[in-house]
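Chemist: This is the structure, below, for whatever I ask next.
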Amino acid sequence: MQDAAQRILKDIFGYDSFRGRQEAIIQRVASGGDALVLMPTGGGKSLCFQVPALMRDGLAVVVSPLIALMDDQVATLDELGVAAVALNSTLSSDAQRDIADRIRRGEVKMLYLAPERLVQPRMLAFLQRLEIALFAIDEAHCVSQWGHDFRPEYLQLGQLAEYFPQVPRIALTATADMRTREEIINRLHLQDAERFLSSFDRPNIFYRIVPKEQPRKQLLGFLAARKGDAGIVYCLSRKKVDEVAAFLSAQGFPALPYHAGLPSELRAYHQKRFLNEEGLIMVATIAFGMGIDKPNVRFVAHLDLPKSLEAYYQETGRAGRDGLPADAWMAYGLQDVLLLKQMLNNSDGDERHKRIEQHKLDAMLALCEETRCRRQVLLGYFDEVLEKPCGHCDNCIDGVQTWDATEPARQALSAIYRSGQRYGVGHLVDLLLGRDNDKVRSLGHQHLSIFGVGKDRAEGDWRSLFRQLVARGLADVDLEGFGGLRLSESCRPLLRGEVQLELRRDLKPQQSAKASSSAASQLVRGEEREMWEALRTLRRKLAEEHAVPPYVIFPDATLLEMLRSKPGSLSEMAQVSGVGARKLERYGAAFLDVLGGKAEAPRVVTDMRHELVSLARAGMTPEQIANQLQCGTKSVYGMLAEAIGRQQLSLEQALDIPEALLGEVQDAFLSGDGELPTAAEVSALLSGRVEEGVLHCVRAALHAEFEGGLE
Ligand code: ADP
Ligand code: ZN
């Protein structure tokens, strides 16, 4: 049986060896036992039910909460030559009947279903007449009422145990905590399931948390080394999402917004583009998350603080599912703390609930101000012990300098106290620095004993100190007031001189930006770039032809291995991890051609066009696009006009010209009788006031509008 699993792994999936506990899980389920699998994102959960499904006779039924997840897996299996289908509400009843017929004839190996579908009496009866290989319940934490992904329909999946006592069931989740685990077992009746608990470490993710100073500039610094990488930038508010997306696009980083305030079609469209295109940045609220199975998300950046370590772990965990180097980067500042505390305070819910949330926030803050290895602390929070510092986080790499902050901390605390425990950090810092401004004067604060005692320290140092005092709970925020600081009970020993205070020294901004270029950007080295792009271009072309995301054709890891091992024949190609029999047959030759330098040039051109459309849709101006694609503005206008002609772009997406001027140009084109004048003719008409490239675009739009009827 071991051999059978191994053979399927190699022949179908193209992989050489199992990872972690995959093999044990597969043996358990293939031999008819139940299993509960707790494995982090990217750990390789899908194989745990896909391999036994192929080892056992009959139909494997997979429950999945989201259509997007199902479609993704079905497309992936399809590419591997495995007969898989998803039954969902978007299918016509004809299509559904057709699927049912194929299942009855035994032509389908894996059936993906939403839970509400599966538990319909008709569906259960239908399945009972068939041979069932296994049930897989993906995202099993959806059964937990305490989690944020709760799906009531999941509760009914417990019935499967009664209806199909002989069929093995495997439940899978990437949610780590103990309570959820117990709930899954109880509600899904998995008392006899063997539990497979993996480490929740994500070794390929590099963690970095920097103090927030000029967040956008810092973000650009972080992104500078990551041009062309796909990533997610999380922000707290919708407004900020929109602003940051526009800002990034203007800076030459194609970015799209995603939040609950956008129309659902637009949201779906943006999500689809994120999955299908490469190098796109999604700027999002936490509404963007589950169902994002894109494996090559190279970074997750937080411009605002998540409200708990659970959320931080989950959100950062969306980076690097493919196992290749990825970054989790966050800028955080005192404002974040104030905002989250305020939100917490204003939320409804009883005192106990608020207290729990407060503890969670405190744990998050502690991670931010941590001086030890971030990974050790993060995993420790989930009750996992990492013996040694990881060597792969900012604290491990940069080392953390601490300093004895006892005396300045006492000065800061007395500034809070002497000024009446009602002022924000700005004013408190002014007092310590002895700034003689209007506000200080009107309050008479220049007479306070602490006025000017902190002159020898820079403003930034004081701000950092206040932030750390609040993060450590030594000072509190007055939430009823206007975010003024108060002393908290726990600062007394410090004030009385009974304890010392060690704080972390913030890195200088340029230092933190420089050091943040971790491994991800070095994925492909300079001299490999050209071949890498050629491989990606071919992959994108194939993906478009097959109407699937590029990673379904081959994941980055496979492409990277091709790049490095340079297979020269089909048999060598078959050795590359991720190249199974079916894909070898379908794509092997095409990739060999590219590797052997035999691929023809025009592909690059179509690729450039594709890129251009994405960039224009992302809101870039023609000049920015020219910059990005490193070609002349003239040819950008030419390609924009073509794209408009093919109706891939609207005029508004392509150009940004004042409405009045646009009207004038359009009138000039339409002033003749019948035939559209050429751009050159109109240019003369307008005495060259408008760039000819613009005229080409307007003409193309008019032409498309009248479908050539004018010519
Ligand atoms: P999860 O569902 O746990 O987040 P996936 O099942 O999507 O993870 O697997 C993550 C990636 O790892 C996929 O690209 C998958 O093909 C790959 N993978 C899984 N198992 C193996 C293996 N044994 N060898 C190589 N790659 C694997
Ligand atoms: Zn570390």
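Chemist: Here is a check on your reading of the model: is Val51 β-branched (Val, Ile, Thr), within 10 Å of ligand 1 (Cβ to nearest atom) and crowded, with 21+ Cβ neighbours inside 10 Å?
Modeler: Taking the combined requirement at face value, the residue satisfies it.
Chemist: Need at least 3 residues that are within 27 Å of Asp201 (Cβ to Cβ) and within 16 Å of ligand 1 (Cβ to nearest atom) per element, so show me which helices (runs of 4 or more DSSP H) inside the stretch 271-385 make the cut, counting only ones lying wholly within it.
Modeler: Those helices (runs of 4 or more DSSP H) span 309-316.
Chemist: What about Ile416, is it under 30 Å from Phe200 (Cα atoms), of a type outside the set (Ser, Thr, Tyr) and assigned to a helix (DSSP H, G or I)?
Modeler: No; evaluated as a whole, the condition is false for this residue.
Chemist: Quick check on the stretch 602-617. Is at least one of its residues more than 23 Å from Gly252 (Cβ to Cβ) and either open to solvent by less than 20 Å² (accessible area, probe 1.4 Å) or more than 16 Å from ligand 2 (Cβ to nearest atom) (or both)?
Modeler: Yes; the residues of the stretch 602-617 include at least one that is more than 23 Å from Gly252 (Cβ to Cβ) and either open to solvent by less than 20 Å² (accessible area, probe 1.4 Å) or more than 16 Å from ligand 2 (Cβ to nearest atom) (or both).
Chemist: Looking at Ala287, Ala250, Ala246, which is the one that is touching a His at 6+ places or on another chain (Cβ under 7 Å) and surrounded by fewer than 18 Cβ atoms within 10 Å (Cβ to Cβ)?
Modeler: Among Ala287, Ala250, Ala246, only Ala287 is touching a His at 6+ places or on another chain (Cβ under 7 Å) and surrounded by fewer than 18 Cβ atoms within 10 Å (Cβ to Cβ).
Chemist: Hey, could you check the stretch 387-417 for residues that are among the acidic types (Asp, Glu) and either modelled with pLDDT of 95 or more or within 30 Å of Asp478 (Cβ to Cβ) (or both) and say which is farthest from ligand 2 (Cβ to nearest atom)?
Modeler: Glu407
Chemist: Right, here's the next one. Just to be sure I understand, how many residues within the stretch 544-580 are away from ligand 1 (no atom under 12 Å from the Cβ), under 14 Å from Thr76 (Cα atoms) and surrounded by fewer than 20 Cβ atoms within 10 Å (Cβ to Cβ)?
Modeler: Residues that pass the stated criteria total 2.
Chemist: In the set Arg169, Arg129, which member is of a type in the set (Lys, Arg) and in contact with a strand residue (DSSP E or B) (Cβ under 8 Å, 6 or more places away or on another chain)?
Modeler: Arg169
Chemist: If you take the residues in the stretch 454-476 that are crowded, with 19+ Cβ neighbours inside 10 Å and of a type in the set (A, V, I, L, M), which one is nearest to Ile416 (Cα to Cα)?
Modeler: Ala475
Chemist: When Leu87 is evaluated against the numbered criteria (1) in contact with an Asp or Glu (Cβ under 9 Å, 6 or more places away or on another chain); (2) farther than 26 Å from Ala557 by Cα, which criterion, by number, is the only one it fails?
Modeler: (1)
Chemist: Here is a follow-up. Can you confirm whether Val37 is within 14 Å of ligand 1 (Cβ to nearest atom), in contact with a Cys (Cβ under 7 Å, 6 or more places away or on another chain) and either assigned to a helix (DSSP H, G or I) or not assigned by TED's automatic domain parsing to the domain that holds Pro555 (or both)?
Modeler: yes
Chemist: Just wondering, is there one or more residues in the stretch 96-116 that are at pLDDT below 95, open to solvent by less than 50 Å² (accessible area, probe 1.4 Å), among the polar types (S, T, N, Q) and not in a loop (DSSP other than H, G, I, E, B)?
Modeler: Looking through the stretch 96-116, at least one residue is at pLDDT below 95, open to solvent by less than 50 Å² (accessible area, probe 1.4 Å), among the polar types (S, T, N, Q) and not in a loop (DSSP other than H, G, I, E, B).
Chemist: Let me ask another. Of all residues in the stretch 623-673, which are touching a residue at least 60 places away in the same chain (Cβ under 8 Å), closer than 13 Å to Arg699 by Cα and either part of a loop (DSSP other than H, G, I, E, B) or among the β-branched types (Val, Ile, Thr) (or both)?
Modeler: Ile644
Chemist: In addition: Quick one: would you say Lys45 is under 27 Å from the mean Cα position of the chain (by Cα), among the basic types (Lys, Arg) and open to solvent by less than 50 Å² (accessible area, probe 1.4 Å)?
Modeler: Judged against the criteria, Lys45 is a match.
The values are calculated or read from the model by the stated rules, or taken from the named source; none is laboratory data. Please read these numbers as outputs of a predicted model, since none were measured by experiment. Counting neighbours? That spans all protein chains shown, and the Cβs are built from the backbone with ideal geometry, glycine included. Ligands, DNA and RNA are excluded from the accessible area calculation, which covers all protein heavy atoms including side chains. Shrake-Rupley method; radii C 1.70, N 1.55, O 1.52, S 1.80 Å.
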